[in-house]
Amino acid sequence: MGQNVIDALPSAIAVFSNLGTLTLSNAQFDQLWKIDHTLADLTIKDATRLWQSLAMPTPVWENLKVHVETVGDKLTWSESIQLKDGRVLLCSVETLSDGSTMCSFTLSQIETRVEDQDIALLTARRG
């Protein structure tokens, strides 16, 4: 049931252990980043390399990697990133109680409104 709950969230979610290994993700994460879970043990280094290949240049990926690999108190933070396809995401990073790091990627409000308008236009045209 836990996976069903996380898959129902609108944001793409990934949790990395303090050793840097992906321990949990949802369907939106897999779809957004084109993750193939037949690959064993995705690490934060693998993930940031993948994210860099799909996004415009930004220091966010290095900051995220350092955050995951740092032991001890870590601040929660978020930063906007732009994908190469033009979409803008808010990347939020939070340390969980066990020291692991949760990353969430949420489509910006502007992008969401544009998508909603596109869906409404398509629906109206079909109607």
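Read the figures in this text as sums done on the coordinates, not as results from a lab. What you see is a predicted model; the values in this text were computed from it and never measured. Here the Cβ is made from the backbone with ideal geometry for all residues, glycine too, and neighbour counts use every protein chain on show.
At a glance:
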{"quantity": "Base-10 log of normalised Debye intensity for region 15-99 (one unit scatterer per alpha-carbon) at q = 0.11, 0.12 Å⁻¹", "calculated": "-0.29, -0.34"}
{"quantity": "Relative exposure of PHE16, PHE105, judged by other C-beta atoms within 10 Å (fewest first)", "calculated": "PHE105, PHE16"}
{"quantity": "Those lysines that a straight Cα-Cα span of less than 28 Å connects to LYS84, excepting residues fewer than 8 apart in one chain", "calculated": "LYS34, LYS45, LYS65"}
{"quantity": "In region 1-108, trypsin sites (Lys or Arg not before Pro) in a DSSP loop with at most 12 other beta-carbon atoms within 10 Å", "calculated": "LYS34, LYS84"}
